[in-house]
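Below is one structure, written out as structure tokens; comments come after it.
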Amino acid sequence: MFFKKFLSDPIETVKVPAAAPATLLQPVAAAESSSDEVTVVHQAPLAELEDIPPDPTDEEEDDNKKDSIDEKMVAASKEEMPPKKSSAEDSILSVIYTASKKVFIVGSIYLVGYMGWSIAWLIAPVILSVARDRWQKSTKHKRSIAKASALASEKEVILARIDELPAWVYFPDVERCEWLNKILKQLWPNANHYARSLVKQTIEPNVAESLAFYKLPGFRFDRIILGTIPPRIGGVKVYDYNVARNEIIMDLDLFYASDCDINFYLGAMKGGIKDFQIHGWIRVVMKPLIRTMPLVGGLQIFFLNNPNIDFNLVGIIDFMDMPGLSDLLRRIIVEQIGNIMVLPNKLPISLSDEVPAASLKMPEPEGILRIHVVEAKDLMKKDIGMLGKGKSDPYAIVNVGSQEFKTQIIDNNVNPKWDYWCEAQVYVELGQYVEFQLFDADETRKDEPLGRATIEIVNVVKRGVVDTWLTLEEAKHGLLHVRLQWYKLTAEPADLQAALMETQLLRVTSMSTALLIVFIDSARHLKSARSNARPDPYLVCSVGKQKQQTAMIMRDDSPVWEQGFTFLVGNPDNDTLQIKIYDQKTGLEIGQYGYVIACLMNKENMEMVSQPFQLQKSGPDSKLIMSLALRILKKVDIVEDTDVTSEASTISQLARAASVKQSPSAQDKGSLRDIQSQSSRLSSESPLTEEEPIALKVSSDTMNLSTTPTRSPKLFNANLAGSGDSQLTHRFPDITSSAGENGLGRIQLSIHYMVQRQKLFITIHKIMNIPLRDPTNIPDPYVKLYLLPGRSKESKRKTVVVKDNCNPVYDATFEYLISMAELMQSELEVTVCTQKGFLLGGSPIIGMLKISLNETDIIENGLNSWFDLQPEQKHD
């Protein structure tokens, strides 16, 4: 009734979001028919919304409820305001305050002038103070609105804030769960105790360790009161498809705007946290399902992606609650929450003794996502130059859940090429996404954002590979080129060889071929590091440069950790798992063990479950109980992108059509050059075999192919149509006796484009038969490369200079980071020059040529050929 009334009111109109009007009306109407009382459901962050005044109404009930929410808003915004004083006291204090303020201002100005200080000493504190006050008022207003909304009913929230509705309104598969909110309200006092122990035991030591790294020691919590306001669930989604038979999966839209009172010490300084807020989608997995009560063996609780977190600092540490200065503490707290409950980290809760701990706590990744951040274009200019806007120093941050990767910084460039590779472990395909954030690096101030973009992981899983340009959000302009490839995990040792070959072809040393899963269960009978005292043990396991650490167990020589870790392995045949156990108080090593990962290749299903291992450098009965599993990375079948394929074929058709429109003489010359280049190409995969006859129908007066025996044994087989009836048996020559069609010499090149790396590799092998016009002036040749169109400085490549030689050998390889779409529209310009040309005043160019890069051979097998040098051409 209330919603229809707003829609039909002739005096004032209600602004409904255009995103989903139908989904908005249906749930509200259903709620109206089912019950007159509707309680609140929240979709955070409500603190970021502005108040929308409710419409006037004639019904007394709606007037009363409108007054109640207004009273709650006012009460929330004034809950910490001191009581008002009398008017006489206000008048006296106002006069004193005004006089003191004027004396202080005049005295400050006089002091600045008397001491000869810069005016900046006076202006800077004023600017900082004003900025701090405005920022504090803004955040306090947002938090008060969010807190008032948490206490209001759902109907009042819709009336006051119709442009931000609960998740069940926008998503038809998300259901309301007010019954769950009522249960949480009853359970919250008891859940308070569990949350306090979790914060004290897990978050406090990790925050203290992180702050100590920044020379801020002595962090500890003094008081932890989470308040009386419980979390609220804005909607629940239960999955009924693509779910295993022994588990139940549900997603909850969680919003927590607390009235907490948390105090802590940082050294000798005392601070506090208030108005803590968190919002995000949290997943609850009930597994395994068992046949005895409580029918569910355990729970796994985790956030799919990093939640939105906000809080207010109070006390002496309040000076940190300014833009830029509170980022350190805020980032550390967000990281520690991520280390507990953001994928790949999970919060396991065991509900039955029948279920082993490994089934709940051992990591279970579904696959590996290989991410290639190639380049960006047309980024915003954030730095200020001498003549106005300069450029930016961009870098990118990649987030997959709590996993974070950072590219290198490219200075003074709005078109950076990073060529950055990373690998992320994916535990849930549906619901997770990859987030890319671009920033401008600054040494003197906070890094400024250049835009962001996201890709859903489920799309990469379906297609196998996603190679795309992303339009940056929250930016005026800018594009980001990324390539993502999905790898599933197998327990087949035969798949390892293919994975090793792929990483060798990529030429990226940081890429992995396997994943090692380690579950540390417990240790027994550890030796003591101190006399008459049990150790405080913790365990560190490492593979190469990767390290993981368990929690510390107080005063226990048989600790139970029950923690799982994963390690990306470059080559299982060469890597070893190293395990060391330390005593925290003394720092002494009280046990160690090394396991060769290749031994798992011979185990059934490449795993061992709950096996004891004898510890070294420990007691005679000291053992470590752990489980190990090895999984090989295997590429999935790639689903071709029809848009890219059609675009490439269209470009090829246009190129062929352009060649057909040439004049007859140009066609003859072009055909001759094609025959000469194609007849000398190599198949990079063919082994050494006998010569095979090749029918080459060319006229004897227009073509001269050398049949000299070659040092390169690979053959090229072709059947090319031309003019004439000659048949030649041809093997690709490593040397040539011809000086080319124009008598300027010939150059041997290898050109190959690797799609996975988005790189073009060009190898300049040698030049043969450069004409010697003056015996006293032997050339000093070198080769220059440019990519066309553009001929930019970034695309310039140059070989070394070979002194006094008409047949120089270089064997130099150059790389270009270029996308597939750009490659299909590019040409390679090769110019052979002599250094002596500059000294004699003539042209230094001996010869040049242009090679189109939209040939399929370049992408598939690579092109290895001799090319005739052409006369110098004027640049376009």
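Surface composition of the range 438-563: carbon plus sulfur atoms hold 46% of the accessible area, using a 1.4 angstrom probe and ignoring ligands, DNA and RNA. Close amide H pairs (under 5 Å, H built 1.01 Å from N) link G431 with V458, residues at least 5 positions away or on another chain. Dividing the mean sequence gap of close Cα pairs (under 8 Å, 6+ apart) by how many residues the range 517-597 holds gives a relative contact order of 34 percent. With each label modelled as a point 7 angstrom along the Cα→C-beta vector, the S352-F405 pair spans 3.9 nm. What FRET efficiency would be calculated for the residue pair V639, Y194, taking the C-beta separation as r and a Förster radius of 51 Å, to the nearest 0.05? Computed FRET efficiency for V639 and Y194 comes out at 0.65. A straight line joining the Cα centroids of the range 744-775 and the range 438-483 runs 36 Å.
Full extension of the chain between S843 and R291 yields a length gain of 189.8 nm, computed as 0.36 nm times the residue separation minus the alpha carbon distance. Residues in the range 213-229 carry Karplus couplings, in order, of 5, 9, 6, 10, x, x, 7, 7, 7, 9, 9, 10, 10, 7, x, 9, 8 Hz; the curve used is 6.51 cos²θ - 1.76 cosθ + 1.60 with θ = phi - 60°, and Gly or Pro positions show x. Quick note on the range 383-477: its Rg to Rh ratio, both from C-alpha atoms and Rh being the Kirkwood radius, is 1.02. Accessible surface calculations at 1.4 Å, restricted to protein heavy atoms, place the range 496-648 at 51 Å² per residue.
Summing Cβ point charges (Lys, Arg +1; Asp, Glu -1) relative to the Cα centre of the range 501-552 gives a dipole of roughly 280 debye. Mind running the shape call on the range 249-369? Use the C-alpha gyration tensor, a ≥ b ≥ c as the square roots of the eigenvalues: rounded below 1.5 for a/c, prolate if a/b tops b/c, oblate otherwise. Prolate shape, in that a/c is at least 1.5 and a/b is the bigger ratio.
Per residue, how much accessible area does the range 760-876 have with a 1.4 Å probe, in Å²?
Details: 5580 Å² over 117 residues.
I get 48 Å² per residue for the range 760-876.
Here the accessible area is traced with a 1.4 Å probe on the protein chains. For the range 764-876, carbon and sulfur cover 51 percent of it.
Comparing Q592, L516, A498 along the charge dipole axis of the range 497-611, the residue lying farthest to the positive side is Q592, per the Cβ-charge model. Annotation note: trypsin sites (Lys or Arg not before Pro) in the range 457-501 located in DSSP loop regions with a Cβ neighbour count of at most 14 within 10 Å are K476. Within the accessible surface of the range 346-428, defined with a 1.4 Å probe on protein heavy atoms only, the carbon and sulfur portion equals 51 percent.
If you take the beta carbon distance between L184 and R245 as r and set R0 to 51 Å, what does 1/(1 + (r/R0)^6) give as a FRET efficiency, to the nearest 0.05?
The computed FRET efficiency comes out at 0.95.
For the pair V540 and T856, label points projected 7 Å from Cα toward Cβ lie 5.6 nm apart.
Within the range 622-637, list the residues whose amide N lies under 15 Å from a label point set 7 Å along Cα→Cβ of R524. Those under the cut-off are 622-627. FRET efficiency for the pair K137 and K798, taken as 1/(1 + (r/R0)^6) with r the Cβ-Cβ distance and R0 = 60 Å, rounds to 0.50. Summing +1 for each Lys or Arg and -1 for each Asp or Glu among the other residues whose beta-carbon sits under 10 angstrom from that of P779 gives 0. Taken one residue at a time, the phi angles of the range 545-554 give Karplus couplings (6.51, -1.76, 1.60, θ = phi - 60°) of 8, 7, 10, 9, 9, 7, 6, 8, 9, 6 Hz. Gly and Pro are set to x. Distance between the C-alpha centres of the range 531-603 and the range 329-349: 22 Å, rounded to the whole angstrom. In this structure the amide hydrogen of I818, modeled in the peptide plane, comes within under 5 Å of the amide hydrogens of K759, L760, none closer than 5 places in sequence on its chain.
From largest to smallest, the equivalent ellipsoid semi-axes obtained for the range 456-569 from the alpha-carbon gyration tensor read 42, 21, 13 Å. Taking each residue as 0.36 nm, the span from S118 to K784 lengthens on full extension beyond its C-alpha to C-alpha distance by 234.3 nm.
The values are calculated or read from the model by the stated rules, or taken from the named source; none is laboratory data. Given the structure is predicted, the values throughout are model-derived calculations rather than measurements. For neighbour counting, all protein chains shown are included, and Cβ atoms are generated from backbone atoms with ideal geometry for every residue, glycine included. Note: areas computed on protein heavy atoms with side chains; ligands, DNA, RNA excluded. Shrake-Rupley method; radii C 1.70, N 1.55, O 1.52, S 1.80 Å.
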